[in-house]
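Have a look at the structure below, then the notes.
The values are calculated or read from the model by the stated rules, or taken from the named source; none is laboratory data. Just so it is clear, the model here is predicted, and its values are computed rather than measured. Counting neighbours? That spans all protein chains shown, and the Cβs are built from the backbone with ideal geometry, glycine included.
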């Protein structure tokens, strides 16, 4: 044991420095600050799958990992739309999900925000509009922000949430930059 301690003292620290924060992750600080300014409490999100392939859900699920850690930013996912401030909707709206999506939107208390995630939520994606789908989320409920991508990266989803919080009260859907 003493030999090992001497070697540690002689060699010193051999690990490399931590990497600098990526530009995309800087949105975390702005998002946390904006949530506290606007709401003064946690942002509660209800995620709705309106008929997606689950690619966007995987990226949304990644928001909970240690790299993004949205709970530390003051963002919580809730089971009931009655407790939500923001709806995160994925997929083209299937005909079977139209009524459920409208009811979820109606059950969310005002003021509410809607973020359409992915190309399917933005424009219907590869599914478009047809006998089984109604197309984009905006064809069923009003959308505040659209996050394009197939699927969009978690950092882009965070940027979309920040755009929704920052543009609360603006008219027309925005796309995060």
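The condition (being over 18 Å from the mean Cα position of the chain (by Cα), free of Cβ contacts under 8 Å to residues at least 40 places away in the same chain and within 18 Å of residue 60 (Cβ to Cβ)) is satisfied by just one residue among 149, 125: 125. Of the residues making up the stretch 125-132, one or more are out of contact with any strand residue (DSSP E or B) (no Cβ under 8 Å at 6 or more places or on another chain), at positive phi and buried (at least 18 other Cβ atoms within 10 Å of the Cβ). Just one of the listed residues (82, 102) is in a helix (DSSP H, G or I) and farther than 26 Å from residue 131 by Cβ, namely 82. Residues in the stretch 67-85 that are modelled with pLDDT of 85 or more and in contact with a helix residue (DSSP H, G or I) (Cβ under 6 Å, 6 or more places away or on another chain) were compared, and the one that is surrounded by the fewest Cβ atoms within 10 Å (Cβ to Cβ) is 82.
Assess whether residue 28 counts as being within 17 Å of the chain's Cα centre (by Cα) and closer than 20 Å to residue 115 by Cβ. Answer is yes for this residue. Suppose the filter is crowded, with 22+ Cβ neighbours inside 10 Å and modelled with pLDDT of 90 or more; does residue 117 pass it? So residue 117 passes the test. Could you tell me whether residue 56 is over 26 Å from residue 132 (Cα atoms) and outside any loop (DSSP other than H, G, I, E, B)? When the stated conditions are applied, residue 56 does not pass them.
Can you tell me which of (1) on the phi < 0 side of the Ramachandran plot; (2) over 13 Å from the mean Cα position of the chain (by Cα); (3) touching a residue at least 12 places away in the same chain (Cβ under 8 Å) is the one residue 2 doesn't meet? It is condition (3) that residue 2 fails.
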